[in-house]
1. Tell me, what HN-Hα J-couplings in whole Hz come from the Karplus equation 6.51 cos²θ - 1.76 cosθ + 1.60 at θ = phi - 60° for each residue of the range 54-66, using x for Gly and Pro?
2. In the range 61-131, which GluC sites (Glu not before Pro) are in a loop and have at most 10 other Cβ atoms within 10 Å, using DSSP for the loop call?
3. Across the range 88-97, in residue order, what do the Karplus-derived ³J(HN,Hα) couplings come to in whole Hz, using 6.51 cos²θ - 1.76 cosθ + 1.60 with θ = phi - 60° and x for Gly and Pro?
4. Rounded if a/c is under 1.5, else prolate if a/b beats b/c, else oblate: with a ≥ b ≥ c from the C-alpha gyration tensor eigenvalues square-rooted, which is the range 53-118?
5. How large is the charge dipole for the range 33-117, taken about the Cα centre, if only the Cβ atoms of Lys, Arg (+1) and Asp, Glu (-1) carry charge, to the nearest 20 debye?
6. What does the extension gain come out to for residue 40 and residue 70, with contour length at 0.36 nm per residue minus their alpha carbon separation?
7. Kindly state, to the nearest 0.05, the FRET efficiency for residue 27 paired with residue 131, given R0 = 22 Å and r defined as their beta-carbon distance.
8. What's the FRET efficiency of residue 78 with residue 49 using the Cβ-Cβ distance as r and R₀ = 22 Å, to the nearest 0.05?
Amino acid sequence: MQAEHRPPSLFLRQKGPIGLSGRGLGQIAVSVLEKGVPFRLLARGISMYPFILDGDVITVHPLQGETLAVGQVVAFIEPESEKLVVHRVIGRREGRYLLKGDNVPHPDGYFSAAVIVGIVKKVERRGVSVSFGDRKGYCLPALFLLRIESFLLKCKCLVLRSTGQVTSRG
């Protein structure tokens, strides 16, 4: 008797993780998080280096009414590409959140809470949990660096204004 050959499933595997990226990963993450269930994924890229490394496993928890604070790492759907992105909240204004990767020179911009799908609550590197610095999901060294970066940016703006290179606030 010959064994029945079944085509591989798009979403199920016997062993190992499912290889998704881009829009597909974002759609599945949103579907899982909307059900109130945490979502684990393999981090790709270096935008959150050194806190999150390429290959780390991150666990995103649904917002469930939580108010976001500066310093928290969140997952959001980037409106133009519709891709899932994990970056840090570095500011808040008029109900919108300024998001930026720790290893990226410029912020992504201000986003409404509607595109933020969850909060990163756990990072695992080679099977070991990486410490966030405290229990609320903030990374204390990153908060310190954000304050220094903000201070240096203000100094740069003051110098540019005093030399006449910048005439208005943008």
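1. 4, x, 5, 9, 10, 10, 9, 9, x, 5, 6, x, 5
2. Passing sites in the range 61-131 are 80, 94.
3. Running phi through 6.51 cos²θ - 1.76 cosθ + 1.60 with θ = phi - 60° gives 9, 6, 10, x, 8, 8, 6, x, 10, 10 Hz.
4. rounded
5. 140
6. Result: 8.5 nm gained on full extension.
7. 0.10
8. So the FRET efficiency works out to roughly 0.75.
We did not get these values from a lab; they are worked out from the coordinates using the rules stated. None of the values given here were measured: they were computed from a predicted structure. Neighbour counts are summed over all protein chains in view; Cβ atoms, including those assigned to glycine, are modelled from backbone coordinates with ideal geometry.
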